[in-house]
1. Taking all protein chains in place and a 1.4 Å probe, what share, in percent, of the accessible surface of segment 9-95 do carbon and sulfur account for?
2. Each residue of segment 241-258 in turn: what ³J(HN,Hα) in whole Hz from Karplus with 6.51, -1.76, 1.60 and θ = phi - 60°, glycine and Pro shown as x?
3. For segment 9-95, what relative contact order do you get, as a whole percent, if you take Cα pairs closer than 8 Å and at least 6 residues apart?
4. Through the Karplus equation 6.51 cos²θ - 1.76 cosθ + 1.60, θ set to phi - 60°, convert the phi angles of segment 232-240 into ³J(HN,Hα) values in whole Hz; use x for Gly and Pro.
5. Provide the per-residue ³J(HN,Hα) series for segment 356-368, in order, calculated from phi with Karplus coefficients 6.51, -1.76, 1.60 and θ = phi - 60°, each as a whole number of Hz, with x at glycine and proline positions.
6. Heavy atoms only, 1.4 Å probe, whole protein assembly: order Asp164, Asp372, Asp115, Asp199 by accessible area, highest first.
7. Please list, in order, the residues from segment 61-82 whose amide nitrogen is less than 17 Å from a point placed 7 Å along the Cα→Cβ vector of Tyr91.
8. Mind listing the long-range amide H neighbours of Leu137? Cut-off is under 5 Å, sequence gap 5 or more, other chains count too, H placed in the peptide plane at 1.01 Å from N.
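The values are calculated or read from the model by the stated rules, or taken from the named source; none is laboratory data. Because the structure is predicted, anything quoted here is derived from the model rather than measured. Because the Cβ atoms are built from the backbone with ideal geometry, glycine has one as well, and the counts that use them run over all protein chains shown. Ligands, DNA and RNA are excluded from the accessible area calculation, which covers all protein heavy atoms including side chains. Shrake-Rupley method; radii C 1.70, N 1.55, O 1.52, S 1.80 Å.
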Amino acid sequence: MTDASAPPPWLHLVSAFLAMETADSLVSLAKVCGGGSITEKVQRFIWDHCINEAARKGHAPYLKSFLKKLINENESNCSEVLDELYEQYAYLMTSMKSVKGNARVCKYITFLFPDGCLHLPSCPKSRKLMVPLQCSLNMLEGDTGCSIWPSSLFLSEFILSFPDIFSNKSCFEVGSGVGLVGICLAHVKASKVILTDGDLSTLANMRLNMKLNQLSTETDVPEKFSEDQNAVKCIHLPWESASKSEIHAFMPEIILAADVIYNPECLPHLVRVLANLMNQRKSFSQSRKDTSESSVPDSIWVETKVNGANEGFIAHVHASGKSDSNGHGIDSHKGAPKRDHPVAYIAAVIRKVDTFNYFLELAEQASLTITDITETLKPFNLLPYMQSYDRSSIRLFTVSSN
């Protein structure tokens with residue numbers, strides 16, 4: 001049995017291992033494969049498709065942690081453990097050197113398309129899309145940009161689930177981090193992909209990830225971009241110092257951002273960048289206002305998790321365009337917001353209500369419309385094996401210019 005032909009539980013186990021999910025998650029998935037216990041067959045599969053392969057190029061501390069958990073689990077249940085697993089663990093115990101907190105590792109994020117997705121242009125024939133990403137074990141390295149955050153996973157699922165929204169569109173990401181969103185945009189054949197970040201170490205890591213995914217990169221200013229449609233543009237763009245003319249030069253049709261609403265000090269700069277990106281194309285929609293727009297609420301109830309607890313609050317946002325029953329502007333043919341001017345998609349975990357409300361206030365002052373489309377455009381669950389990824393904590397918003 002190979003990982004490519006493995007049935008779901010086994011494929012989930014391999015995918016979780018390659019994504020460096022926690023040892024607890026891996027043991028849990030291993031038990032599913034074994035019908036409640038980690039049988040010899042499951043151990044042999046782990047050795048053949050996870051440990052033996054990763055021992056040559058994997059991250060030793062991660063392997064050690066997983067093996068320790070796996071061995072302890074079986075020993076506590078008085079179950080047999082393969083000699084190979086014992087031997088590999090002993091080897092790691094005696095040979096492993098200490099690893100600094102900012103060590104880089106390569107994680108493989110595997111998007112698994114469920115039944116019924118073969119019609120999607122984004123779905124490979126294998127129904128599996130694997131994305132290698134170099135990232136840091138230090139969550140704060142590169143001003144948080146060298147780690148994989150839940151909102152970027154959600155935004156990537158959204159892109160792959162609704163490829164028609166982004167195909168043949170000029171797309172611009174604010175705060176691109178490891179570059180996962182950009183890789184997914186390239187996969188669905190966006191006409192132009194521009195990734196930006198304000199941290200130089202994050203930008204360097206992002207470019208490396210483009211190369212790991214066979215994507216060429218460009219770093220010039222917009223007026224010097226080549227005609228290579230496959231090239232991803234990686235641009236150094238600190239929000240606080242970005243000039244209006246610099247921002248206007250990009251002219252995107254779609255703006256994307258993941259987990260950017262967290263630092264109150266940065267929000268005025270973020271909103272200014274968004275407003276400048278939106279307003280440059282505002283004339284596109286001036287003559288196309290729909291006089292039959294239906295009346296929609298000017299507030300929504302947002303449920304989120306704050307300090308681990310479920311909470312809700314009223315967020316004063318607006319919806320524009322023809323509305324569905326939830327007050328969201330939707331094109332019924334494509335399932336996409338109906339727009340003739342730039343729109344931004346922001347995926348965010350609302351950690352502090354006050355911070356989010358501050359963002360809404362700044363957006364209103366900048367004449368930006370915020371719409372919650374979390375319940376309207378739900379992406380497929382393409383990461384079913386990733387137990388560390390809490391999709392329920394993430395909200396998806398659109399931002400457009402009034």
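1. Solvent-exposed carbon and sulfur of segment 9-95 make up 49 percent of the total.
2. These are the phi-based 3J(HN,Hα) values: 10, 5, 7, 4, 5, 5, 5, 5, 5, 7, 6, x, 8, 10, 10, 10, 7, 10 Hz.
3. Numbers: 62 pairs, mean separation 24.8, N = 87.
Computed over segment 9-95, the figure is 28 percent.
4. Along segment 232-240, the couplings run 9, 8, 10, 10, 7, 9, x, 4, 5 Hz.
5. Values per residue, Gly and Pro as x: 5, 5, 5, 4, 5, 4, 5, 5, 5, 4, 8, 6, 10 Hz.
6. Asp115, Asp164, Asp199, Asp372
7. 61-68, 71, 82
8. For Leu137, the qualifying residues are Ala103, Val105.
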